[in-house]
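The values are calculated or read from the model by the stated rules, or taken from the named source; none is laboratory data. Remember, predicted model here, so these are calculated numbers, not experimental data. Ideal geometry is used to build each Cβ from the backbone, glycine not excepted, and the neighbour counts take in all protein chains shown. Areas reflect the complete protein model, heavy atoms only, side chains present, ligands, DNA and RNA absent. Shrake-Rupley method; radii C 1.70, N 1.55, O 1.52, S 1.80 Å.
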Amino acid sequence: MKPFFLFLIFVTMCPAYVHAQKESFRHELYLGIGGGVLSSGIDFVPTVPQSFMMGAQGGLSAKYVTEKHLGLIAEINYAQRGWSEEFAPEKDFLYNRTLNYLEIPFMTHIYFGNNVRFIVNAGPQISILLNDDPVMNQALADDVAARKSADPDAPVGVQYGPFSEMNRVDYGLIGGIGMELKTGIGDFDLEGRYYFGLGDIFTSRRSQNAYFSRSAHRLIEAKLTYYLKIR
């Protein structure tokens, strides 16, 4: 995780350097539409064994280039996050949970090059949980019910809690690198991103008497965005 935070520090410091090097530059505004795939999981503490779950992401983007090599990007995206649990092979259990979010990242945009550009984007992101789609097979449901009946006070299946118990607002840091191709019909940005969640989807015992001390998102994303220059 240390390299990710060093990357964010680098992106934060770059605008000051670019500002010192800036030349006369005409501002540029681009509007775009993009989409891609993401691999998601939840960083549970205590640990919940799981594998990353694939989902889709897409939405609208605005890019404002304020000076040479530097700009801002704001997006609004719909994203399918969640997790898929892993169980011992001898147990015929199945559980996965899709969490559908509206994401709003605000990123510093740094680029190098002309028609083919190397790009770096990073900044904060806030997200709103819209709904969920849990899938649990009957074997697991029966096992959870039996364990709860045997010890009603035990923290059994806390991660299976209802949607009403989940935090609706998520926030964290997002960063990515990629390439931009400028053509006569528009610009194409292909980018890989990593999102580190700072909020929890369940109430944290750091602030209240709860089971999880952390239940935050981690995402790996691949996204292609098509931009048209407005001015």
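Only one residue in R168, R214, R147 is loosely packed, with under 15 Cβ neighbours inside 10 Å and touching a strand residue (DSSP E or B) at 6+ places or on another chain (Cβ under 8 Å), so which one is that? Give the derivation first.
Details: R214 fails: loosely packed, with under 15 Cβ neighbours inside 10 Å; R147 fails: touching a strand residue (DSSP E or B) at 6+ places or on another chain (Cβ under 8 Å).
Just a single option satisfies the conditions, and that option is R168.
V156 passes all but one of (1) under 16 Å from I42 (Cα atoms); (2) modelled with pLDDT under 95; (3) of a type outside the set (S, T, Y); which number fails?
Answer for V156: the failing condition is (1).
Surrounded by 18 or more Cβ atoms within 10 Å (Cβ to Cβ), farther than 30 Å from F118 by Cα, in contact with a strand residue (DSSP E or B) (Cβ under 6 Å, 6 or more places away or on another chain) and β-branched (V, I, T), is that true of I174? Outline the logic, then answer.
Values: surrounded by 18 or more Cβ atoms within 10 Å (Cβ to Cβ): yes; farther than 30 Å from F118 by Cα: no; in contact with a strand residue (DSSP E or B) (Cβ under 6 Å, 6 or more places away or on another chain): yes; β-branched (V, I, T): yes.
Judged against the criteria, I174 is not a match.
Only one of these is under 30 Å from G186 (Cα atoms) and of a type in the set (A, V, I, L, M, F, W, C): A141, A122. Name it.
Numbers: A141 fails: under 30 Å from G186 (Cα atoms).
Testing whether each residue is under 30 Å from G186 (Cα atoms) and of a type in the set (A, V, I, L, M, F, W, C) leaves just A122.
Please work out which one of (1) in a strand (DSSP E or B); (2) surrounded by fewer than 20 Cβ atoms within 10 Å (Cβ to Cβ) is the condition E75 fails and give its number.
Here E75 clears every test but (2).
Among (1) open to solvent by less than 70 Å² (accessible area, probe 1.4 Å); (2) closer than 21 Å to F44 by Cα; (3) within 23 Å of the chain's Cα centre (by Cα), where does A222 come up short?
(2)
Counting only residues that are over 23 Å from M53 (Cβ atoms) and acidic (D, E), how many does segment 182-231 have?
Looking only at that region, the number is 2.
Report whether or not D200 is over 24 Å from E86 (Cβ atoms) and outside any helix (DSSP H, G or I).
Values: over 24 Å from E86 (Cβ atoms): no; outside any helix (DSSP H, G or I): yes.
Spelling it out, it is not the case that D200 is over 24 Å from E86 (Cβ atoms) and outside any helix (DSSP H, G or I).
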